[in-house]
1. Only one of 324, 262, 250, 302 is surrounded by fewer than 16 Cβ atoms within 10 Å (Cβ to Cβ) and modelled with pLDDT of 90 or more. Can you tell me which?
2. I need the full set of residues from segment 186-213 which are without any contact (Cβ under 8 Å) to a residue 40 or more places away in the chain and either more than 20 Å from residue 264 (Cα to Cα) or among the hydrophobic types (A, V, I, L, M, F, W, C) (or both), in order please.
3. Quick check on my filter: what residues within segment 214-231 are under 24 Å from residue 113 (Cβ atoms), in a helix (DSSP H, G or I) and free of Cβ contacts under 8 Å to residues at least 60 places away in the same chain?
4. Regarding segment 177-200, can at least one residue be identified that is under 16 Å from residue 66 (Cβ atoms), of a type outside the set (Ser, Thr, Tyr) and modelled with pLDDT of 85 or more?
5. Scanning for something of a type in the set (A, V, I, L, M, F, W, C) and farther than 30 Å from residue 39 by Cα, does segment 158-180 turn up at least one residue?
6. Give me the residue from segment 26-48 that is in contact (Cβ under 8 Å) with a residue 60 or more places away in the chain and farther than 26 Å from residue 272 by Cβ and, out of that set, surrounded by the fewest Cβ atoms within 10 Å (Cβ to Cβ).
7. Could you list, in sequence order, all residues of segment 1-25 that are part of a loop (DSSP other than H, G, I, E, B), β-branched (Val, Ile, Thr) and surrounded by 12 or more Cβ atoms within 10 Å (Cβ to Cβ)?
8. Here is a check on your reading of the model: is residue 114 at pLDDT 85 or above, farther than 24 Å from residue 301 by Cα and either within 20 Å of the chain's Cα centre (by Cα) or among the hydroxyl-bearing types (Ser, Thr, Tyr) (or both)?
Amino acid sequence: MLRLSIVMLAVTAATLLACSLVGQVSLDTAALWRSDIWWLRVTRLTAAALVGAALATAGLALQGLLRNPLAEPYLLGISSGAGVGVLLGPVLAGAAGLAGWATTPVLAMLGALITTGVVYAIAQRRGRLDPYVLLLAGVIINVFNGAVILAILQFVEQEEMFRYIGWGMGMIRESIWSEPGLLGLCAGMVLLGFAALFARSGAMNLLGLGDESAVSGGVRVHALRAETFIVAAMMTSAAVALAGPVGFVGLIVPHIARLLLGPDHRRLTLAVGFGGAIFLMLADTLCRLLGEAFRLGELPVGVITALSGGPLFIVLLRRNARKGLG
C-alpha cells in the first residue's frame, strides 16, 4: 500500500511538472519559480488535479456502494445538481453580502445532496435499488437540473453568457489563480472526502459481498450508505465549483483501475484518486494546447472526457444488459 502511494504520488507530481512546461510560450527551466506563466499553469493544473481526483473517487465510491458499474456523479445527476447550486452562489453572495468563494461550494453541496436523495428515493424499491431505474432517474434529474440552469442563465448579462456556456461543458478557467479562497476551500473538501472514503474502504470491500455479509462483518450498511452519499456529494460539489459539470471521469478512471488492480477498495481508492488527477491534468493540457494552436481560446475539458467516456459507457451498458442487471 505504501509503495503504491509513493509511486502514484511521484507519477502525479511528474505529470504536473511536465504539463506545466508544455505550451506555445517556452519557459526557462532555470527560472521557473519567477515565471508568472508557469505559476498560472501550475495553478490551473492543481485545480484540474483536484477535480479529477474528486470525481474519480466519488465515482468509485458510488459504484461500490450501489454495486452498479455504471454509477458516477455525472450520470446520476449529482454534478448537474451541484451546478444549480454554483449558479445560485453569486446571487446569494450578492444579496447577503457573503463571500462568493465560500457560498458557491456550500450551495453546490446542497444541490448535490438534494439530487442524490431524489435519485436514491426514485430508484429504491422495498429496500433494493433497481440499476436501470437508477440510471433513468439520473437522466431525468439531469434534464430537470439542465432546465433550471437554463432558466437561471436567462438572468445573466449577455457578455457573461459565453463564459457560463463553457463552464456548463466543464472548463478549468485560466482565472482560477485569482480565486485562492475558492481553490483552498475546494482542496480541503476533496482531501477530507478522500480521507473519509479511504478510511471506509474495508467496509466497502465487505459490502461488495452483499448486505448480509457486510452486516455479519460488523458494517452498519445504512450508515455507510448515508456517509458515502454525503462524501460523494461533497467531493462532486467541490469539483463542480472549480470546473463545472465534467462528465465521465468517475466512470473511466475506476474501470481502468479495476482492470489493473482488482476489486480491493483500499488499493483502488488510492489509485483512483491519483489516477483521476493525472487523467484530468493530461486532458486539460490537451485542451490548452489545442486552444493555443488553433487560437480557439479556452476549450472545455469536458469535451475530452465526454469523447473518452461516452463510448465506454455504451460498451458497459450493453455488457451489463446482456448479463441482465438486477
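1. 262
2. Passing the criteria: 188, 191, 195, 196, 199, 203, 206, 209.
3. Passing the criteria: 214, 221, 222, 223, 226, 227.
4. yes
5. Scanning segment 158-180, I find no residue that is of a type in the set (A, V, I, L, M, F, W, C) and farther than 30 Å from residue 39 by Cα, so the answer is no.
6. Among them, the one singled out is 39.
7. If the condition is that a residue be part of a loop (DSSP other than H, G, I, E, B), β-branched (Val, Ile, Thr) and surrounded by 12 or more Cβ atoms within 10 Å (Cβ to Cβ), then 22 is the only one that fits.
8. Judged against the criteria, residue 114 is a match.
The values are calculated or read from the model by the stated rules, or taken from the named source; none is laboratory data. These figures come from a predicted structure and were not determined experimentally. Cβ coordinates were reconstructed from backbone atoms using ideal geometry, including for glycine residues, and neighbour counts include every protein chain displayed.
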